[in-house]
Structure formats: C-alpha cells, structure tokens
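Just so it is clear, none of the values below were taken in a lab; they were calculated from the coordinates. Small disclaimer: the values here were computed from a predicted structure and weren't measured. For neighbour counting, all protein chains shown are included, and Cβ atoms are generated from backbone atoms with ideal geometry for every residue, glycine included.
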Amino acid sequence: MRITATLLIAALVPGLWAENWGQWRGLAHNGSTSETGLPAALDASTQLWAIDLPGSGSGTPAVWGDKIFVSAVNAKTAALTCLCFARADGKPLWSAEVGIAGGNKKATSDLAGPSPICDGTSVFFYFGNGELAAFSLDGKELWKRNIAKDHGAFNVLHLYASSPLLHEGTLYVQVLHRDTPIGAGGSTNAPSYLLGIDPATGKDRFKQLRPAPAAAESLESYATPIPTSAGGKPEILVVGGDCITGHDPASGVERWRCAGWNPDRINHWRLVPSTVVIGDLAIVCPPKGGKVFAVKLGGSGDVTTTGVAWKATDLSSDVCTPLVLGGKLIIADPDKKTVSCADPATGKRLWMTELGGGAVLRGSPTGGDGHIYQTNQAGDAWVIAAADGKILNKANLGGNPTRASVALAYGTAFVRTGNKLLAFGKK
C-alpha cells in the first residue's frame, strides 16, 4: 500500500492535518489545499517572519516538510539561484547557482519565472533559459542540464516561464513557442514539444512534438502541464497555440485536441493561464478577454465541435490560472481586478468581488479553509471569503513586482513578493 507523506504526517500526529505544497498549483494541481486553520489576514497581525531575497523572480515557493524552496535571479551577480529556507523561521539553509541570466529581463519578467518542485526526496529548479537542476533536500546537486541547449533555444517574446510538472515518477516539461526566432539567438524551424524526463537522472524518456494551428506569438504558452484522469485513463493536459490537447503520460502521444477560440488566427494571442480540472471537465481561459469555457475530458481526435460543455458569458482571465475550492470555480480577471465564483457545471457566475487598486493581478488565486488568497503586482494581498466573496482583509506587502501565487502549507500562507519571502499564520 502506498502511503503519501501528507497522510503519514496526519497519521503520526493525532489532531494535525498538514499538507505540503510541492509544486506550482499544490498537490491537488488546482490551487487548493485541504488544510484548516489558515490565516484570515495577511498583515502584521499574522506575520510570522519575513526575509530578504537576493533578487527577483515570480515562481511560487515549494514547501515540503520543514523546508521552503524559492528561485531568484541575483540582483548583484545575475546568477540563477536556487534557495532553501527553514519553514519555521525563514532561516537560510542552503543556496546554489546553476547559471547566469545574461541580461535576460523584460519589463517585470525574468528567468526565475518557473516554480520549483519538491517530492520529499529531491527538489527541482527550472529557469527561463532552459537550466534544469535537481538537488537533494540538503543541497547536494544530483544532476543538471539545459533544455534549450539540448533541444534548441526558446522563441518566447516575454521570456519562457512554464513550470514543469512532476507526476507519477515523470517530470514533464512543455515548450510551446513560435517556430521562428525573435531577434538574435533564437531557433529556426523550431517545433513545440512535450518532454518526459526521468527525475532520477535528468535524461529524456520521450520528446513528443506538439503542432498547433496558431501563428507567431499565438504559438507561445506560459502554462504548465496538468495531470488528470478520464474514465480511469490518465492524461496530461497541455494548453497553448490556440488549442488544448490531452496526451498519453507514458509516451506524450496526443489523444485529442480542442481549439476554436481564435478562428481568425490573430497572431498575438499568447496563452498564459494553465488549465484546471474539476470533475470530468478541463477549464480553459482563452487570452485577450476570451470567455472561459469547459472541455469534456476523455475525448479522441479533434473534439472542437463536440467537446465543449459550456462557454461562459461573463468570465475571463488573461493571466491568472483558476482555482477549484469547495466544488466551485474561482476565476480572477487580472485587468478588471475582480475575483468571481462560478458553478463548474454551467459556467454561471455566482458572485463577483471587485478588488480595486491600480495594479493588475499576476499571481493566480489559491485557497483553503474557506479562504481565497490573491495578490496584485504592487504587492497588495487580499483574503476573500469563498462562500460569498466578502473581503476579509487587505494589506500591502510591498515588493513590486509581485507575480507569484501564495503557497499554503502547514497552516501557513507563504508569499513571495518581488524581493521578499513572508510567512503568515497563527502566532
């Protein structure tokens, strides 16, 4: 019988339910945690500690056991830096450098966009120039490689930032990019692809090309692969290039695809939000104000005309990945600065909360214990009641630009701003 680390913690400590946050959207891959006792405010009344980071980054922290993992681009040296801190007090435990940024920065984007991953045995760091490295939890380098050097430079306008997915013993990396260079240093005749990597060795298990009907920037995706299962058959979902596709986890072979949100082939509709699964539906957020829609899982071939379960009339998200919490769909609109709750069976909006403020939303909503956590780029942080959308607390944490999502683990909310890592919980 397989016993997860999460269940083991609960079994060994009566009355305690503690859940790790091992990767970008948590262990459930939908932005939620089953923990209780999470803070109802992210301000001085609940702040446990705060530490300065050596540089910027927008990857969400990974939390496992007594450790937190964060990546950054060192502001002084431009080194691509892997960081480990103690969960209890933020004390630095170790750091490692795996490359140099080389001046790669655009507006508020930098090479520390992908989120770290931890499975309780190893931790994986990935950067926007292709550097991928695995470490033991005490900081020993296990292996290192560069995906761009092995498979060709990335052609992504605002810097590559897709986080990997670790699932059932395979590390999945998607590279969805345009097929022609952007200035000097890009790849010519560069197809998009999905990689399956052995996490123990770093070697490729498969490389599956992933063609798409899009053009130019619309071929680019900043999303992360998401695992699911339909009818007992596991799949990996990949979204971008004007379509969503379902893939065989062992080979990467495409089983089905659904397109249709860009029939005119507009060439600047890059895709940012990852998909999220609820029930037997995959939720897709088309770019540039496109309306959120749901695709039925378990299809075969092209399901563009048959696979859409519903299309919302008033829900969109150009950047933020949706959250599934309490059986409901939570969607943040980054430009309108709203958070909405919807019925996942129909896409009907149940409530909407206006956050206000001048800055756009870049982090995706996360949630647990009846609370939704949302930040904006200026470092404002909200705690919202999941039941009715009431704002429970708002505070400014500073650190513009703040682009990471809030990580939830061990009764604590961990927030990575532009230059700090902060922890909030019961004192």
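What's the number of the condition residue 180 fails, among (1) out of contact with any helix residue (DSSP H, G or I) (no Cβ under 9 Å at 6 or more places or on another chain); (2) assigned to a loop (DSSP other than H, G, I, E, B); (3) over 26 Å from residue 68 (Cα atoms)?
Here residue 180 clears every test but (1).
Does segment 351-367 hold any residues that are under 18 Å from residue 163 (Cβ atoms) and either of a type in the set (Lys, Arg) or outside any loop (DSSP other than H, G, I, E, B) (or both), and which are they?
Listed by number, the residues that qualify are 362, 366.
Just to be sure, is residue 201 out of contact with any Ser or Thr (no Cβ under 8 Å at 6 or more places or on another chain), farther than 27 Å from residue 142 by Cβ and in contact (Cβ under 8 Å) with a residue 40 or more places away in the chain?
no
Mind counting the residues in segment 218-258 that are out of contact with any Phe, Trp or Tyr (no Cβ under 9 Å at 6 or more places or on another chain) and among the small types (Gly, Ala, Ser)?
So the answer is 7.
Name, by its number, the condition in (1) surrounded by fewer than 24 Cβ atoms within 10 Å (Cβ to Cβ); (2) in contact with a Phe, Trp or Tyr (Cβ under 8 Å, 6 or more places away or on another chain); (3) in contact (Cβ under 8 Å) with a residue 40 or more places away in the chain; (4) not polar (S, T, N, Q) that does not hold for residue 395.
Failed condition: (2).
For segment 314-366, give me the residue count where each residue is under 15 Å from the mean Cα position of the chain (by Cα) and among the acidic types (Asp, Glu).
Count: 1.
Please find, within segment 141-177, the residue that is surrounded by the most Cβ atoms within 10 Å (Cβ to Cβ) out of those that are in a strand (DSSP E or B) and aliphatic (A, V, I, L, M).
Result: 175.
Name the residues in segment 183-216 that are hydrophobic (A, V, I, L, M, F, W, C), surrounded by 14 or more Cβ atoms within 10 Å (Cβ to Cβ) and either on the phi > 0 side of the Ramachandran plot or not in a loop (DSSP other than H, G, I, E, B) (or both), would you?
194, 195, 197, 206, 216
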